[in-house]
Amino acid sequence: MAAFARVSGSVGLITLQNPPVNALSAAVRQGIVDSVQRALREPEVKCVVICGQNGIFCGGADIREFSGPMSGPPLIPMIHSIEVAAKPVVAAIEGSALGGGLEIALGCHYRIAHSKTRLGLPEVTLGLLPAAGGSQRLPRLIGVPAALDLITTGRHVTAAEALQLGMVDQVTDRNVTDVAVKFALSVVGKPLDARRISMHSCPHSPDLDELFERTMQHVRQRARGAIAPVACVQAVRAAATLPYAQGMEKERELMATLFTSGQARALQYCFFAQRAIGRWSMPSGARWDTSKPRPVHKTAVIGLGTMGRGIAVTLAQAGFPVIAVENHEKQLMEAKQAISGMLERGAKRRGVTPVLNKITYSRDIQSVANADLVIEAVFEDMALKEKVFQQLSAICKPGALLCTNTSGLNVDHLASQVRNPELVVGMHFFAPAHVMKLLEVVYGPRSSPEALATAMAVGKKIGKVSVAVGNCQGFVGNRMLEHYMEQALFLLEEGATPELVDQALEEFGFAMGVFRVSDLSGLDIGWRIRKGKGLAVPDPTTGQTARVQQGRRYSPVADLICEQGRFGQKTGQGWYQYNTPGSRVGKPDPWVHNFLKDYRAQHGLVARRIDHQEVLERCLYSMINEGFRILEDGIAAGPEDIDVIYVFGYNWPRHRGGPMFYAHMVGLPKVLERLEHYHQAHPDVPSLQPCNLLRKLVANGSPPIQKWKEVMKKINSRL
Ligand SMILES: CC(C)(COP(=O)(O)OP(=O)(O)OC[C@H]1O[C@@H](n2cnc3c(N)ncnc32)[C@H](O)[C@@H]1OP(=O)(O)O)[C@@H](O)C(=O)NCCC(=O)NCCSC(=O)C[C@@H](O)CCCCCCCCCCCCC(=O)O
């Protein structure tokens, strides 16, 4: 809806009303059309101001409408009617003016913004382009280079930057509607043609051809197969080279392709999934809206290795005082220096003062006695973590939340070491902890809803995308990843090379394939974990690591590579070869090819031709199958939780929506059929055996992903 009122005698005030963000639903668009007509019709109205209700101008088109048939008045003629109006129209912008919201403002003759406003055309992040004239008006207003940047990245700008770019005419700290009303009265009777952006051509920029070429190259490289950024460049090129009407036609054509694309569906799904994960629930029925977080004033981090340092920085940057504990003097000194450097660099980047004084360093674990929340980040070793938790139980004040930063150890076992197991949760940060957005918040069977609510609230405050998950080995992310990596190794045994597997995954959209990632993060980490699990241990009789372990197929290929001291980039050799240790550019390594040949010969394996499709199906479907098991086990509340974890923690290409959304797009019957096929071919690989939930979803007619929870509920209630 949009309300119309006459204020200050002769100003027609149109207020967009659609909480929470005044999205441009059919009703809002109708309201604007009616109000504009009325304002232009009424002779008492001399000028118009458009604003939004509840401190926000407009969050853009109503994204929920995109999944069904569109109805109501279209945006383009509506914005056109504002631009051609004979009375001056002023946008009074506060909060946010995004997407279609900014496009309305660009149709107005003047724009006044509150200083705290953020503006942008983020359509590209939803798989679209600004298709209500935004791709044609913004370059005309602020020039091609700046418009290209904003439209292809979707980044939001502050009011100050918008003023500098010429996107807005004035910025104010006062009530923006009051300022806009006064301003509108002051421009009554002034000529408007110069204020109609569509009537301008783009300001001159030198070397436009070269700019477009460079940007296209850059966008294609960064986009990893995403189509919207490429379409955005094409649309801006049309603005720069064609008259407005033809540019609008190009915008429409490009939008028609994007609008119905799978990528747009995936990206819009991600948008809502990211918001849905905040509405967490536990199997007990406890929920985000019925569980109150405890106040957290003081925090502590135990163990200042790489992870602990990143966590301390994240907490401090969010404003929490941190007691940082490390019992080795040398390590403490090094950590102090490293943390100060991280805080200083971060502050420089953000143009703020570094918060060095938020962190107090100590060698004594007793110093955490007053903390409200303690995050243990010592070495990934259960015996060591047990000891720390026993100490914390004795030291910490009653009610303190005790968290472990583990990537997969049993959170419930650690809870059993303390007096108040209900106050123990896992906080699984991803490396580097001050950079990576994802946080898995792990509740055990004894964790209280209050403890989970507190960890989730802290996660939000420190700017992490926090997902609540149940306790199991590897939690959600690493539990699924194990199957992905396992298939990649099996494919090497069967005839693939690391570069063939990586190429298939990179063409799918991953920034790096599984073997390149492994070289980057270090092969020794996985080796240590496998040894800890009793895998990767040579058989005393043969001296060789068996290809069947714990009753299932096992590939010792990665272990054998590690035995050669090939730990990846840091040693200059891993799955690829590097010119020098630490170098980032890996080349295919003939040594690895020969090693694989010898390995196959030794085990009587005959190499066969493996194509990209098999790589994708085996690596991705086995992982997706585990995702269904995770849902079945109640470890993740819904597919959105898994997908958000993969997009934010594991570099899953966002335009593919996440592994579970990808399964939905491929079609569950196809995923099931391929898993059955591969399981028949590899009966000794349990991860390829389709799980019950997948079978049941297919038996229930393969409902869309938004309805999986209903089927899951039905299945659970029958158990
Ligand atoms: C605005 C925000 C910055 C606010 O952030 P905040 O943190 O305060 O709040 P939340 O993010 O938690 O959001 C609260 C709540 O609101 C929901 N929501 C937010 N924005 C929208 C929205 N735009 N639509 C719907 N719902 C929205 C959000 O989901 C939350 O609710 P939930 O229940 O999920 O918790 C922040 O919200 C934000 O960044 N929002 C998105 C901003 C954005 O991306 N805007 C761009 C939208 S797309 C657009 O505007 C397109 C335009 O260019 C118009 C294009 C014209 C379209 C014409 C169609 C042509 C079709 C052609 C087809 C041709 C086919 C053929 O030829 O056949």
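Scanning the range 36-63 for residues that are within 16 Å of the ligand (Cβ to nearest atom) and touching a residue at least 60 places away in the same chain (Cβ under 8 Å) yields Cys51, Phe57, Gly60, Ala61, Ile63. Residues that are buried (at least 24 other Cβ atoms within 10 Å of the Cβ), among the small types (Gly, Ala, Ser) and more than 11 Å from the ligand (Cβ to nearest atom) within the range 87-128 comprise Ala91, Ala92, Ala105, Gly107, Ala113, listed in sequence order. Answer yes or no as to whether Val45 is farther than 18 Å from His109 by Cα, crowded, with 16+ Cβ neighbours inside 10 Å and not polar (S, T, N, Q). No. Pairing residues of the range 331-351 that are at pLDDT 95 or above with residues that are exposed (fewer than 15 other Cβ atoms within 10 Å of the Cβ) and in a helix (DSSP H, G or I), at Cβ distances under 7 Å and at least 6 apart in sequence or on separate chains, gives Ser340/Leu356; Leu343/Leu356.
I'm checking my understanding of the structure. Among residues of the range 129-157 that are surrounded by 24 or more Cβ atoms within 10 Å (Cβ to Cβ) and within 8 Å of the ligand (Cβ to nearest atom), which one is nearest to His204 (Cα to Cα)? Here the residue is Gly134.
Just one of the listed residues (Met78, Met70) is in a loop (DSSP other than H, G, I, E, B), on the phi < 0 side of the Ramachandran plot and within 16 Å of the ligand (Cβ to nearest atom), and it is Met70.
Does the range 240-286 hold any residues that are among the hydrophobic types (A, V, I, L, M, F, W, C), away from the ligand (no atom under 14 Å from the Cβ) and loosely packed, with under 14 Cβ neighbours inside 10 Å, and which are they?
Hit for the range 240-286 is Ala245, nothing else.
Does the range 420-441 include one or more residues that are among the acidic types (Asp, Glu), without any contact (Cβ under 8 Å) to a residue 40 or more places away in the chain and either assigned to a loop (DSSP other than H, G, I, E, B) or not assigned by TED's automatic domain parsing to the domain that holds Ile561 (or both)? Yes: the range 420-441 contains one or more residues that are among the acidic types (Asp, Glu), without any contact (Cβ under 8 Å) to a residue 40 or more places away in the chain and either assigned to a loop (DSSP other than H, G, I, E, B) or not assigned by TED's automatic domain parsing to the domain that holds Ile561 (or both). Applying a threshold of 9 Å to beta carbon distances and a minimum spacing of six or more residues, or different chains, the list of pairs starting in the range 245-263 at a residue that is assigned by TED's automatic domain parsing to the domain that holds Gln234 and free of Cβ contacts under 8 Å to residues at least 40 places away in the same chain and ending at one that is part of a helix (DSSP H, G or I) and within 9 Å of the ligand (Cβ to nearest atom) reads Lys250/Ser135. State yes or no: is Ala26 under 16 Å from Ile79 (Cα atoms) and touching a Leu at 6+ places or on another chain (Cβ under 6 Å)? Criteria not met by Ala26.
Residue-by-condition table, conditions (1) in the same structural domain as Val442 (by TED's automatic domain parsing); (2) modelled with pLDDT under 95; (3) in a helix (DSSP H, G or I):
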| residue | (1), (2), (3) |
| --- | --- |
| Leu620 | no, no, yes |
| Gly627 | no, no, yes |
| Asp643 | no, no, yes |
| Tyr646 | no, no, yes |
| Glu673 | no, no, yes |
| His679 | no, no, yes |
| Asp684 | no, yes, no |
| Pro690 | no, no, no |
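The values are calculated or read from the model by the stated rules, or taken from the named source; none is laboratory data. Given the structure is predicted, the values throughout are model-derived calculations rather than measurements. So basically every Cβ, Gly included, is an ideal-geometry build from the backbone, and we count neighbours across all protein chains shown.
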